[in-house]
Amino acid sequence: MFFFIGGIQPKTVVLDKQPKSCPACGHIEVYLKRVDHYLSVFFIPLFPVKKGILFLVCENCSTKFDARGIRIDVEKEWEERKCSHCGKPVAPDFIYCPYCSKTL
């Protein structure tokens, strides 16, 4: 009997080794990164399947920016989108509320 363990897994790739200055905290620890998806066998990434979008991450304050340097507020998106029935925060891509099952 033979078992095959494989699938698609994400891998963060640092594209630019030269650090930039962070607009949020001022430290010179911002790197250009991209999350690529790789086909993996036995948890070993073999070759890229899909390339992700470029983004900047500050290693000091963990703030994320898009490739142009505009801040990405992931937490703010979650806080802004709330269910109109129960008032709990939901992800922006949800169609139904996971708490009360009503249509958003």
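Taken together, the values in this text are just the output of simple stated rules run on the coordinates, not laboratory data. Just so we're clear, the structure is a prediction, and the values are computed from it rather than from any experiment. Using ideal geometry, Cβ is built from the backbone for each residue, glycine included, and neighbour counts are taken over all protein chains shown.
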**OP:** Could you count how many Lys pairs in region 6-72 have their Cα atoms under 14 Å apart, skipping same-chain pairs fewer than 8 positions apart?
**Re:** 8
Original post:
What is the gain in length, in nm to one decimal, between Phe2 and Ser62 on full extension, counting 0.36 nm per residue of separation less the C-alpha to C-alpha distance?
Top reply: 17.3 nm
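Suppose the chain between Tyr96 and Arg34 were pulled fully straight at 0.36 nm per residue; how much longer would it get relative to their current alpha carbon spacing?
Extending this stretch completely gives an extra 19.3 nm.
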Original post:
Using a basic spin-label model with each label point 7 Å from the Cα along Cα→Cβ, how many nm lie between Val13 and Ile44?
Top reply: 2.0
**OP:** Between Ile53 and His85, with labels modelled 7 Å along Cα→Cβ, what's the label distance in nm to one decimal, could you check?
**Re:** 3.0
